[in-house]
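A quick write-up on the structure given underneath.
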Amino acid sequence: MLLAGALAGCGGGIRYRPVSDTPVRIGPAYQVRGTTYTPAAQPAYDMLGYATWYGAESGSQVANGERFRPDWITAAHATLPLPTYVEVTALDTGRRILVRINDRGPFGERARIIDLSKGAAELLGLRARGKAAVRVRVVEPDEQDRAALRQGRPARVLPPVAPRPLASLQDQFERGVGAR
């Protein structure tokens, strides 16, 4: 009984921050594998690139101090403030979801602009592929969507991008990111 009580008190020493939208953390510039990343507020952020997903780090501490939960709708971005809310669009289907960024990454390949949690990748329909072309843009969702994402649940369902604007995004991707 005494041993069980002692073991129950062992939390591995990690003190996780509660899931919250405040304070927003930007943080200083940092280096990973020789590349310098400079976090900054970017309210007009709207980029095309690749998304990948991660999920094996369950229980790890993410960059803003929260516990990583792979089934939640979260993501990692190298420079956006933590947390930031983004709309992620799969360029092959036009499917869109809202995601809460609470971690840093991806690092390495320049064309990779976001790492989605396993839950976000599944919701967007990208998990089986591992890497997919996406549009990521900063948004300010309403409090109901923010609350759902803070609790690990998906936000409201967004309609897919219409065929004509989707074709334009696909063309921009092919001329820009896809041409590299």
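Only the coordinates and a few stated rules stand behind these numbers; no lab work does. The structure presented is a predicted model; accordingly, all values stated were derived computationally and were not measured. Virtual Cβ from ideal backbone geometry, glycine too; neighbours counted across all protein chains shown.
Odds and ends about this structure:
- Taking Lys and Arg as +1 and Asp and Glu as -1, the other residues whose beta-carbon sits under 12 Å from that of residue 47 total +2.
- Sparse packing (at most 14 other Cβ atoms within 10 Å of the Cβ) combined with a DSSP loop state is found for the following GluC sites (Glu not before Pro) in the range 85-173: 109.
- Acute angle (nearest 10 degrees) that the helix 163-175 long axis makes with the longest principal axis of the chain, alpha-carbon atoms: 80
- Trypsin sites (Lys or Arg not before Pro) within the range 108-157: DSSP coil, no more than 15 neighbouring Cβ in 10 Å: 110, 129, 156
- For the chain, adding -39500 (n - 2.57) for each run of n ≥ 4 DSSP H residues and dividing by the number of residues yields -5500 deg cm²/dmol at 222 nm.
- Under a model in which nothing but the beta-carbon of Lys, Arg (+1) and Asp, Glu (-1) is charged, the chain shows a dipole of about 240 debye around its Cα centre.
- Here the Karplus relation 6.51 cos²θ - 1.76 cosθ + 1.60, evaluated at θ = phi - 60°, turns the backbone of the range 82-92 into coupling constants of 10, x, 9, 9, 10, 9, 10, 10, 6, 6, 7 Hz, with x for every Gly and Pro.
- Each 5 Å bin from zero holds the following percent of Cα-Cα pairs in the range 23-83: 4, 14, 22, 24, 25, 11, 0.
- The chain: relative contact order in percent, alpha carbon pairs under 8 Å with at least 6 residues between: 26
- Volume in Å³ per residue [convex hull over Cα atoms, computed for the range 38-175]: 106
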